[in-house]
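Peer 1: Got a structure for you, questions after.
The values are calculated or read from the model by the stated rules, or taken from the named source; none is laboratory data. Only a predicted model underlies this, so the values are computations on that prediction, with no experimental measurement involved. We place every Cβ from the backbone using ideal geometry, glycine too, and count neighbours over all the protein chains shown. All accessible areas refer to the heavy atoms of the entire protein, side chains included, with ligands and DNA or RNA removed. Shrake-Rupley method; radii C 1.70, N 1.55, O 1.52, S 1.80 Å.
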Amino acid sequence: MSHEKPPRPDDEVRHSSVTVASLVAMPGLGLVVRAGETALERPVRWVHTSELDDPVPYLEGGELLLTTGLKLGKGKEKLRQYVHRLADAGVAGLGIGVGLTYDEVPQTLIEAAAERSLPLLEVPQPTPFIAISKAVTAALAAEQYKAVSTSFEAQEELTRAALGKDGTAAVVARLAARLGGWAALYDATGGVVVAAPDWAARRAGRLRPEVERLRGQSAPASMALQGDTPDTQDYVVLQSLGADRRARGFLAVGTEDRLTSGERYVVNAAVALLTLTLERSRDLRRAEDRMRTALLRLVLAGETVIAKEVAGALLGGLPQGPVRVLMAEGNALAELGDRAEQAAARSGEPLLLAPEGERLVLVAVDGGMVHQACTDLAVDLDTVAIGISSPTTLESAGSAAAEAERALAVALRSGRRSVDHAEVGAGSLLPLLGEEAVQAFAEGLLRPLREHDRTSRGDLEASLRAWLSRHGQWDAAAADLGVHRHTLRYRMRRVEELLGRTLDDADVRMELWMALRASGE
């Protein structure tokens, strides 16, 4: 896809019924075509009268220029250059009033206009230029009134669609039909929610990179694109949806040509309706989240009988049999929640999912599709971490939540995306911890001993390692070091003094042993 160029003046009126041909067809004007017959369908956006030999600086393009040729004279080269300048300026046509400067349209003008395919009209003397201006003004006003009326009708139609069943899908379908193209609605993550007609889903999916770029901008934001392959020569407008700076979704519309002002009005109406629908859905989701959180707290407190009664009406039931508690933290919780709910819908698995502070907590069937979908997504994303409990019953979900929280803590410290509590409870903890964090911990804890060993006699770090490896057995550790046990006792007292800790504390011994293991020396 490539970015769209700014619209040309004739883009605004490309569907306009006010064309050079329609003016020629008006019997009261008596206009006669002298050249440019193949370009008579050019839209006329205005009528401009000028007797200047170079009116181009005062033109915008799309005008029907009327002149008597008062200052043009009959010089062939001057007449040719005059026509070429007008053609380059993008005028819709040139009208030459006869009976004053010219008795008839000069042949040089006819030849030059034919060369540039510029409609050249002869305006008979009885027809005043003001009559042509009035005819165009009236036609444009009628067309504008029709466009406004059509836009209001479209807005009413979209509003009725929004209020009906499957409101968002209905709005997208009606919008596509109104534009004679296609439309698609994306969720906040950039996934296609609905597209119309059905074939547009694949077309909309190819816009994912552009939607991702729009996601990175503060709402409201929009982007205009033009297809650059043979099968995508459509014009696409992407628009973010949402009432605040965070986009709640995105709308894409594709048409064969650029949107007219009336069509843009219809698109804006659809954007407003979809935004209201998304905001209403967000408010409803917030209320549901509060209910789910209350239900989760009942489950974790062991009040499963009450929780099952409430969940029967709210969720259709709670997970049965072996379950797992998953606890997630990060910047992609919304995407994780959506993926979990989609997996539950496809598999028919009961699921309890609720926000808890800055975290998302899920109670899911052990080994089910939800469990698998969440762990798979955690691998794909680098902005979320998940802690997973051991398999348990729903009645023991409170204990499982504590396990999931401990596993999540390990995942966050180690930089891993997913940690199962079984990994925390078996083997060494060191592989689960982040290397940088462990090294910093070891360096900070052992620094006093290492500074001592560099400047004084007595290898305190090696002595501590030997003593801990022998579980505090003085004789065995002293033998390993080749020193007397009294010497070793002195060294351990010195270790306590330097560290400011007592080796009688099991937690202190564990931390020191982990630091020594992490140092690898």
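Peer 1: Of D234, D166, which has the most accessible area with a 1.4 Å probe, and how do the rest follow in descending order?
Peer 2: Final ranking, largest accessible area leading: D166, D234.
Peer 1: For region 60-142, what does the convex hull of the Cα positions come to per residue, in cubic angstrom? Each step should come with its number before you reach the end.
Peer 2: On the way: hull volume 7.5 nm³, N = 83.
For region 60-142, the hull spanned by Cα atoms encloses 90 Å³ per residue.
Peer 1: Also: How much of the pair distance distribution for region 454-502 lies past 15 Å, counting alpha-carbon pairs only, in percent?
Peer 2: 36
Peer 1: Multiply the residue gap between V310 and A141 by 0.36 nm, knock off their C-alpha separation, and tell me the result in nm, one decimal place.
Peer 2: Details: separation 169, 0.36 × 169 = 60.84 nm, distance 6.15 nm.
Result: 54.7 nm gained on full extension.
Peer 1: Then there is this: For R324, R485, what's the largest-to-smallest order of accessible area, 1.4 Å probe? Numbers along the way, then the final one.
Peer 2: Details: R324 35, R485 105 Å².
Sorted descending by solvent-accessible area, the residues read R485, R324.
Peer 1: Which whole number in µm²/s is D for region 353-421 by Stokes-Einstein, with the Kirkwood Rh taken over Cα pairs at 20 °C and 1.002 mPa s?
Peer 2: 176
Peer 1: Can you pull the accessible area of E104 for me, 1.4 Å probe, Å² to the nearest 10?
Peer 2: 130
Peer 1: For W46, W513, W199, write out the residues from largest to smallest accessible area, computed with a 1.4 angstrom probe and no ligands counted.
Peer 2: W199, W46, W513
Peer 1: Next question. Per the 1.4 Å probe, what fraction of the accessible area of the chain, in percent, lies on carbon and sulfur atoms?
Peer 2: Values: 13570 of 26170 Å².
Exposed carbon and sulfur together represent 52 percent of the surface.
Peer 1: Let me check I've understood the local charge: for V56, count other residues with C-beta under 13 angstrom from its C-beta, Lys and Arg +1, Asp and Glu -1. What total comes out? Could you put the intermediate results ahead of the total?
Peer 2: On the way: positive: R85; negative: D53, D54, E60, E63, D88.
Local charge sum for V56: -4.
Peer 1: Over its Cα atoms, what ratio of radius of gyration to 2.2 N^0.38 Å does the chain give?
Peer 2: The reported ratio for this selection is 1.64.
Peer 1: Normalise the Debye intensity by I(0) for region 155-202, one equal point scatterer per Cα, no solvent, then take log10 at q = 0.17 Å⁻¹ and round to two decimals.
Peer 2: Relative scattering, expressed as log10 I(q)/I(0), comes to -0.46.
Peer 1: Antiparallel versus total DSSP beta bridges in the chain: what percent is that, nearest 5?
Peer 2: Working: 46 of 61 bridges.
Bridges in the chain that DSSP calls antiparallel: roughly 75 percent.
Peer 1: Using a 1.4 angstrom probe, figure out how much accessible area the chain has per residue, in square angstrom, rounded to the nearest whole.
Peer 2: Averaged over the residues of the chain, the accessible area is 50 Å².
Peer 1: Let me ask another. Tell me, what is the 1.4 Å probe accessible area of L251, in Å² to the nearest 10?
Peer 2: It works out to around 0 Å².
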